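J.: Submitted below is the structure of interest, expressed as structure tokens.
The values are calculated or read from the model by the stated rules, or taken from the named source; none is laboratory data. Small disclaimer: the values here were computed from a predicted structure and weren't measured. Glycine gets a Cβ as well: all are built from the backbone with ideal geometry, and neighbour counts include every protein chain shown. Surface areas here come from the heavy atoms of the whole protein model, side chains and all, with no ligands, DNA or RNA. Shrake-Rupley method; radii C 1.70, N 1.55, O 1.52, S 1.80 Å.
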Amino acid sequence: MGFFYVKALHIIFVVTWFAGLFYIVRLFIYYAEAAEKPEPEKSILQRQLALMQKRLWYGITWPSAVLTLIFGLTILHLYGSIPGWLVWKLAFVGGLYIYHFLCHRIYKQQQQGILKYNSTQLRIWNEVATLFLISIVFLVVLKSSLSMLWGILGLILFSAMLLLAIRIYKKVREAGS
């Protein structure tokens, strides 16, 4: 019975971690867009967005990432042996933690007022977490290498569709300005 409690807690913190990752990049986008506003609007928006970033990052996203790791390692220990699909899942999770650390770098830069990425680049960056989410969920649910192959092909197609949607959105947005 303890295994299912640990698994439930793991899933809860995975959900809150992803929520934080999705929202932090949206805040990065808004911060970058605020830089294009005239003063005093620019300063007011960036100060508020930096505060929102800080509260989200340290209040939700980081704690959720740590608790996800703790409960995930506990589940791994309770499993005993590692099935093949779990090795792939762990590889994707490792990639997700790299994404998390890269988001932390962007967070630190924006907290210092440094903008290295424009809003379009950040919109594309925002979709990386979606790709990890889809990959991990399909792998956990299907637990099959063949399904993994189809999943990767689907993921590539989905990525292309996302990039196309971002371009279309940008054109529509620019036409409306």
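J.: Which residues among segment 93-132 fall inside the zone where the amide N is under 12 Å from a point 7 Å beyond the Cα of Lys170, along Cα→Cβ?
T.: Hits in segment 93-132 for Lys170 at 12 Å: 118-125.
J.: Expressed in whole Å with the largest first, what are the equivalent ellipsoid semi-axes of segment 1-134 derived from the C-alpha gyration tensor as the square root of 5 times each eigenvalue? Could you put the intermediate results ahead of the total?
T.: On the way: eigenvalues 232, 44, 20 Å².
Values for segment 1-134, descending: 34, 15, 10 Å.
J.: For the chain, what is the relative contact order in percent, using Cα pairs closer than 8 Å and at least 6 residues apart in sequence? Each step should come with its number before you reach the end.
T.: Values: 131 pairs, mean separation 51.5, N = 177.
That works out to 29 percent.
J.: Now for a separate question. Reachable aspartates and glutamates from Lys171, Cα under 19 Å, same-chain residues fewer than 8 places away excluded?
T.: Lys171 reaches Glu33, Glu36, Glu127.
J.: Ordering Trp125, Trp57 by accessible area with a probe of 1.4 Å, largest first, what comes out?
T.: Values: Trp125 60, Trp57 0 Å².
Reading off the accessible areas and sorting them downward yields Trp125, Trp57.
J.: Give me the percent of accessible area attributable to carbon and sulfur for the chain, probe 1.4 angstrom. List each step's numbers first, then the result.
T.: Details: 7640 of 10730 Å².
Ligands and nucleic acids excluded, carbon and sulfur give 71 percent.
J.: So if each residue of separation counts as 0.36 nm, and I subtract the Cα-Cα distance between Ile98 and Tyr5, what length gain in nm does that give?
T.: Details: separation 93, 0.36 × 93 = 33.48 nm, distance 2.73 nm.
That pair, Ile98 and Tyr5, stretches by 30.7 nm at full extension.
J.: Taking R0 as 35 Å, what's the FRET efficiency between Lys37 and Ile12 from their Cβ-Cβ distance, rounded to 0.05?
T.: On the way: r = 38 Å, r/R0 = 1.07.
Between Lys37 and Ile12 the formula returns 0.40.
J.: Then there's this: What are the semi-axes of the equivalent ellipsoid for segment 11-62, taken as the square roots of 5 times the Cα gyration tensor eigenvalues, largest first, in whole Å? Present the calculation step by step, with values, prior to reporting the outcome.
T.: Values: eigenvalues 135, 20, 4 Å².
In descending order, the three semi-axes are 26, 10, 5 Å.
J.: Just to make sure I understand: if all protein chains stay in place, what is the order of Thr68, Thr120 by accessible area at 1.4 Å, largest first? Working shown, then result.
T.: Numbers: Thr68 10, Thr120 35 Å².
Putting Thr68, Thr120 in descending order of accessible area: Thr120, Thr68.
J.: Right, next: Run the simple label-point estimate for Val87 and Trp62 please: 7 Å along Cα→C-beta, distance reported in nm.
T.: 3.5 nm
J.: If you count only protein heavy atoms with a 1.4 Å probe, what accessible area per residue comes out for segment 9-136, rounded to a whole Å²? Intermediate values should be presented prior to the final figure.
T.: Values: 6710 Å² over 128 residues.
I get 52 Å² per residue for this part.
J.: A follow-up question, please. Hey, how much of the P(r) for segment 57-169 falls beyond 16 Å, as a percent of Cα pairs? Numbers along the way, then the final one.
T.: Values: 4278 of 6328 pairs.
So the pairs more than 16 Å apart make up 68 percent of the total in segment 57-169.
J.: At 10 °C and a viscosity of 1.306 mPa s, what translational diffusion coefficient does Stokes-Einstein give for segment 36-115, taking Rh as the Kirkwood radius over Cα pairs? Give it in µm²/s as a whole number. Intermediate results must be reported in sequence, preceding the final value.
T.: Working: Rh = 15.1 Å.
D, rounded to a whole number, is 105 µm²/s.
J.: Additional query: Which value in nm describes the separation of the simple spin-label points at Lys54 and Thr130, placed 7 Å from the Cα toward the beta carbon?
T.: Going from the Lys54 label point to the Thr130 one covers 3.1 nm.
J.: Now for a separate question. Just the accessible area for Met52, please: 1.4 Å probe, Å², rounded to the nearest 10?
T.: Only protein atoms counted, so the area is about 60 Å².
J.: Looking at the chain as a GNM with Cα springs under 10 Å, which of Leu164, Leu115, Leu27 has the largest mean-square fluctuation?
T.: Sorting by GNM fluctuation, first place goes to Leu164.
J.: Return the subset of Lys54/Lys108; Lys42/Lys108; Lys7/Lys108; Lys7/Lys89; Lys116/Lys170; Lys37/Lys170 for which the Cα-Cα distance in this structure is over 21 Å, preserving the input order. Mind showing how you got there, number by number?
T.: On the way: Lys54/Lys108 10 Å; Lys42/Lys108 19 Å; Lys7/Lys108 32 Å; Lys7/Lys89 15 Å; Lys116/Lys170 19 Å; Lys37/Lys170 18 Å.
Violating the 21 Å Cα-Cα cut-off are Lys7/Lys108.
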